Amino acid sequence: MKLHRSRLIGVLSVMGLAGAALSLPSGGAQANGPVLTIMQIQGAGHLSPFEGVSVTTTGVVTAVAFNGYYVQDPVGDGNVDTSDGMFVFQFGNIPNVGDLVELTDTITENVPGGCSTGNLSTTQMSFPNVVDMGPGPAVTPTVVGSSGRVPPAVDVISDSELPDQLQPSFCPGGGSAGTFNPANDGIDFYESLEGMLVTVED
């Protein structure tokens, strides 16, 4: 088996993609809102069920981009429909790759270029309060290919859906997507990997 180097995969945009969890309570009430895992924040769908809610989460920094960085839960919840990773929009004061960080911020859905582009959104935090706890546990890349998760090879998107239905509700027609089905729809499959570290088989 030949593997490419580990890297983040884009989800229909250059912003990138997007697992139970670190030792975090599930939805416990906190002064800054609930403490959630990244997987709870992402949910099984294109849009976070916690959009607009201030939450606290924890993850390991896996990669740094020009406009922020990616964090991922190193354990995961065992549900392939929920992404283990998330993007953090920020300039300056970027934690080191491999650091375990606690983040507190309001969850948003960002559509690169705006709704009119037809781009899908990225679930993210923007300039969160960060507690850097130093080096964290290793994050194992998810293998995409015959020896790991195999992308659907028939449907890019369900015949009953339009791309703009997968956008957030603040976009015209957004927030009206049908069933989320990563096993059959390619667009859902890559959403389930949003923000995650992956290895793509050659």
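Numbers for the structure displayed
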| item | result |
| --- | --- |
| Residue (of 66, 87, 110) at the positive-pole extreme of the range 59-202, dipole from beta-carbon charges | 66 |
| Cα centre as origin, Lys/Arg/Asp/Glu Cβ charges: the range 105-188 dipole, Debye | 200 debye |
| Gyration tensor (alpha-carbon) shape descriptor, the range 76-138, a/c threshold 1.5 | oblate |
| Gyration tensor verdict on the range 98-202 (Cα atoms; rounded if a/c is under 1.5, prolate if a/b is larger than b/c, oblate otherwise) | oblate |
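Every number here is computed from the coordinates shown, using simple stated rules; none is lab data. All figures in this text were calculated on a predicted structure; none of them were measured in a lab. Glycine gets a Cβ as well: all are built from the backbone with ideal geometry, and neighbour counts include every protein chain shown.
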